[in-house]
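Have a look at the structure below before the remarks.
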Amino acid sequence: MTASVIEVKDFRKTYGDFVAVDRISFDVKQGEIFGLLGPNGAGKTSTLECLEGLRMPNGGSLRVAGMDPASESRKLRNLIGVQLQSAGLPESITPDEAIKFFCAYHDVAPRFDLLERLGLAEKRNAQFYELSTGQQRRLALALAVAHNPQVLFLDEPTAGLDVATRVELHGMMRELQTAGTTIILATHDMAEAEQMSDRVAILLQGKTVHIGTPMEITATGGGLTKISVRTQASSLQAPDITFPGVSKHISKAEYSIYFSSDIGRTVSAIITYIEAQEDTLIDLRVERPSLEDRFLEITHNGVAQ
């Protein structure tokens with residue numbers, strides 16, 4: 001992934017005196033899934049809408065597939081797919097009619113297979129207002145990907161979806177990525193972002209405070225690594241044992257659980273102790289801080305950490 005399909009440089013968006021996005025910059029490579037994260041009001045939706053050509057920026061430059069979304073939005077429409085938080089479809093339209101209309105607009109054959117795959121086949125002739133929230137979002141996703149877009153924008157795509165449909169959506173995202181589609185994923189679901197994104201940008205008060213892979217971002221925080229250990233003779237259950245790097249120790253069932261700032265030294269010391277006690281290690285689990293943990297740390301009290 002070398003070519004930049006999306007380029008954002010010193011982008012600024014205001015609404016009157018309110019600054020929604022304040023001179024942010026990032027790029028997204030071809031075939032990359034790029035997560036756009038942040039609390040409500042951080043500027044995610046404003047950024048997406050300007051990249052999609054739905055709103056005009058107030059400063060900086062935006063390029064999507066080599067085009068300026070503000071001045072070349074008509075040319076861009078066949079190259080991008082957009083799933084908004086609200087589909088905005090007429091209440092009386094049916095999934096069958098919607099897929100025919102959108103595919104005709106993009107000059108492709110109707111993708112009824114997407115209705116089948118997303119569990120909407122039995123609702124093909126139901127009116128939009130009769131669909132559940134999850135079904136409406138599934139239809140919006142089908143319309144967004146029906147023309148195999150070069151760039152796909154997903155705004156909270158799994159909100160209101162059941163587990164099976166979420167898995168199906170993630171599978172579709174991987175298939176599209178393999179085929180070369182570039183995806184921007186705006187989500188509040190940190191587990192989803194950590195699982196699906198190659199890189200993420202965290203926005204806070206209209207500014208980018210971190211950009212990197214989920215692993216890079218979780219590795220830079222002050223969060224402690226959780227180490228859970230179970231031994232045959234429970235030699236770690238003694239209350240006066242201390243290990244380097246450990247700031248907190250609890251016991252739960254047959255496990256001794258340590259919270260460490262220095263995982264290497266802690267694990268090494270624990271194993272050495274177990275061997276010295278002629279005990280047998282049964283289970284050892286190391287859990288790094290999650291992206292959600294790091295996100296909460298960064299956005300704590302609305303101040304970048």
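None of the figures in this text is laboratory data; all of them are computed from the coordinates on show. Worth saying up front: this structure is predicted, and the values here are computed from it rather than measured. All Cβ positions, glycine included, derive from the backbone under ideal geometry; neighbour counts span all protein chains shown.
Can you tell me the 0 to 90 degree angle between the C-alpha axis of helix 163-178 and the longest principal axis of the chain, rounded to 10?
Roughly 80 degrees, rounded to the nearest 10.
Multiplying the sequence separation of H188 and T280 by 0.36 nm and subtracting their Cα-Cα distance, what value in nm do you get? Present the calculation step by step, with values, prior to reporting the outcome.
Details: separation 92, 0.36 × 92 = 33.12 nm, distance 4.23 nm.
In short, 28.9 nm is gained.
Could you calculate the FRET efficiency of E72 with A159 from 1/(1 + (r/R0)^6), where r is the beta carbon distance between them and R0 is 22 Å, rounded to 0.05? Mind showing how you got there, number by number?
On the way: r = 30 Å, r/R0 = 1.38.
Computed FRET efficiency for E72 and A159: 0.15.
Provide the gained length on full extension for the span Y105 to Q30, in nm with one decimal, where the gain is 0.36 nm per separating residue minus the Cα-Cα distance.
Details: separation 75, 0.36 × 75 = 27.00 nm, distance 2.50 nm.
Result for the pair: 24.5 nm of gain on full extension.
Only Cα pairs within less than 10 Å get springs; with that Gaussian network setup on the chain, which residue of T181, T165, T47 has the largest fluctuation?
Of T181, T165, T47, the Gaussian network model singles out T165 as fluctuating most.
Using a Gaussian network model on the chain with a 10 Å cutoff between Cα atoms, which of V82, V286, V21 fluctuates the most?
Largest GNM mean-square fluctuation: V286.
How high is the FRET efficiency from L54 to E175, r the C-beta distance, R0 22 Å, rounded to 0.05? Mind showing how you got there, number by number?
Numbers: r = 26 Å, r/R0 = 1.20.
It comes to 0.25.
How far, in degrees from 0 to 90, does helix 95-105 lean away from the longest principal axis of the Cα atoms of the chain, to the nearest 10?
Approximately 70 degrees, to the nearest 10.
For A253 and E216, FRET efficiency with R0 = 51 Å and r from the beta-carbon atoms, rounded to 0.05?
Working: r = 34 Å, r/R0 = 0.67.
E between E216 and A253, to the nearest 0.05, is 0.90.
Just to check I understand the Karplus step: with θ = phi - 60° and J = 6.51 cos²θ - 1.76 cosθ + 1.60, what whole-Hz values come out for the range 119-130, glycine and proline as x?
Couplings: x, 10, 4, 6, 10, 4, 10, 7, 6, 4, 5, 7 Hz.
Pick out which of D22, D283, D107 has the largest mean-square fluctuation in a Gaussian network model of the chain, springs linking Cα atoms closer than 10 Å.
Maximum among the listed residues: D283.
Hey, of (i) 49; (ii) 41; (iii) 52, which did the structure itself give for percent of Cα pairs over 27 Å apart when calculated?
Checking each listed value against the structure points to (iii).
Just the number, please: percent antiparallel of the DSSP beta bridges in the range 4-219, rounded to the nearest 5. Numbers along the way, then the final one.
Numbers: 20 of 37 bridges.
Roughly 55 percent of the beta bridges in the range 4-219 run antiparallel, per DSSP.
Can you give me the distance in nm between label points at V167 and Q195, each placed 7 Å from the Cα along the Cα-to-Cβ direction?
1.0
Against the longest principal axis of the chain, how steep is helix 133-145, in degrees 0 to 90 to the nearest 10, with axes from Cα atoms?
The answer is roughly 70 degrees.
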